Amino acid sequence: MTATTSAPTTVLRTAYQKSVAEYWNTNQQDPVNLRLGDVDGLYHHHYGIGDYDPSVLDGREDTRDERIIAELHRLETAQADLLLDHLGPVSPGGRLLDAGSGRGGTSFMAHQRFGCQVDGVSISEYQVGFAGEQAEQRGVTDHVRFHFRNMLDTGLASRSRRAIWTNETTMYVDLFELFAEFSRLLEYGGRYVCITGCSNDVTGLRSKAVSRIDEHYTCNIHPRSEYFKALAANNLVPINVVDLTAATIPYWELRAKSSVATGIEEPFLAAYKEGSFHYLLIAADRI
Ligand code: GPP
Ligand code: MG
């Protein structure tokens with residue numbers, strides 16, 4: 001069985017998708033992502049979890065910012081490690097999909113951990129190019145490949161995936177369409193893992209802080225309930241739901257004290273602390 005089919009002819013179908021691609025194609029010199037990635041060559045596009053070491057704030061002033069950046073990067077890598085912990089066993093022959101693969105950080109970590117094949121898809125040609133260059137530098141192009149494709153219509157073969165993940169990318173798409181595609185791609189018993197920020201149905205409709213996050217990233221944060229409706233509608237059965245909200249707050253507090261703060265730190269902290277927003281990991285099996 002081949003793992004890939006021909007690329008769909010139109011990757012960007014809607015005006016909205018074009019505007020999202022434009023954001024990620026032009027937002028290239030973002031120090032919050034490049035300076036963290038430069039620490040060890042793993043470039044992430046997601047946030048961090050776990051307590052930070054408060055000693056990074058003390059000591060020599062001239063190297064303080066460097067220490068903070070290394071610590072933020074460590075917390076982001078810890079987030080990706082937690083996501084991979086939830087994929088379950090993956091053999092070297094397994095094929096994985098990183099849906100919305102950014103600059104490739106989580107894909108490379110998955111390959112390092114499992115020795116398996118990973119395909120990443122992104123609607124940003126810039127990101128696909130960046131991640132592809134990283135794969136070459138790492139000498140893993142035979143295992144880790146990045147494609148300019150839409151995660152709603154990947155062109156990958158049906159039932160070809162042992163596992164799929166989305167690391168903070170689901171706020172850009174309709175969840176019913178996305179999970180229909182994942183349901184098609186996963187083998188029976190295959191695992192889907194999602195880390196996302198979602199709004200809290202219990203506090204009601206979108207809060208001001210959540211609206212500011214949407215505006216900042218050109219995204220549409222979904223309510224928590226939408227995830228479970230869309231999973232259930234597509235034969236994806238949750239096995240684990242982990243509320244990571246408390247675990248991500250230290251990351252945002254440290255980021256707010258760094259030179260690479262972007263201004264979005266306060267809305268994240270406000271939304272998490274007021275309870276209108278959660279940082280959630282969901283793992284589900286394809287039946
Ligand atoms: C970006 O990470 C993540 C998103 C755009 C999705 C929004 C996530 C939510 C949980 C709502 P990034 O690393 O590119 O962002 P930044 O540049 O701010 O670090
Ligand atoms: Mg970032």
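Quick look at the numbers
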quantity	calculated
Radius 14 Å from Cβ of residue 198, net charge of other residues (Lys, Arg +1; Asp, Glu -1)	-2
The stretch 112-122 - phi-based ³J(HN,Hα) in whole Hz, Karplus 6.51/-1.76/1.60, Gly and Pro as x	4, 6, 9, x, 9, 7, 10, 10, x, 10, 8
Under 14 Å, Cβ to Cβ, from residue 125 - net charge with Lys/Arg +1 and Asp/Glu -1	+1
Interchain or long-range residues, amide H under 5 Å from residue 43's placed H	105
For the stretch 70-134: rounded, prolate or oblate by the Cα gyration tensor [a/c cutoff 1.5]	oblate
Cα gyration tensor shape for the stretch 15-286, rounded if a/c is under 1.5, else prolate or oblate	oblate
Gyration tensor verdict on the stretch 1-95 (Cα atoms; rounded if a/c is under 1.5, prolate if a/b is larger than b/c, oblate otherwise)	oblate
Positive-end extreme of charge dipole, the stretch 15-286 - chosen from 105, 135, 87 (charges on Cβ)	87
Max mean-square fluctuation residue, GNM over the chain, Cα-Cα springs under 10 Å, options 197, 37, 263	263
Cβ crowding within 10 Å averaged over residues, with 20-29, 221-230 ranked highest first	221-230, 20-29
Dipole magnitude of the stretch 15-286, debye to nearest 20 (Cβ charges: Lys/Arg +1, Asp/Glu -1, about Cα centre)	740
Integer Hz, Karplus 6.51/-1.76/1.60 couplings in order for the stretch 276-287, x for Gly and Pro	8, 8, 10, 10, 10, 10, 10, 10, 9, 9, 7, 10
Net charge, residue 230 excluded, C-beta distance under 13 Å - Lys, Arg +1, Asp, Glu -1	-2
Whichever lysines have a C-alpha closer than 28 Å to that of residue 257, once near sequence neighbours (fewer than 8 apart) are set aside	208, 273
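Each reported figure results from applying straightforward, stated rules to the coordinates on display, with no laboratory input. The shown structure was predicted, so the numbers you read here are calculated from the model rather than taken from an experiment. With ideal geometry, Cβ positions are generated from the backbone for all residues, glycine too; neighbour counts draw on all protein chains shown.
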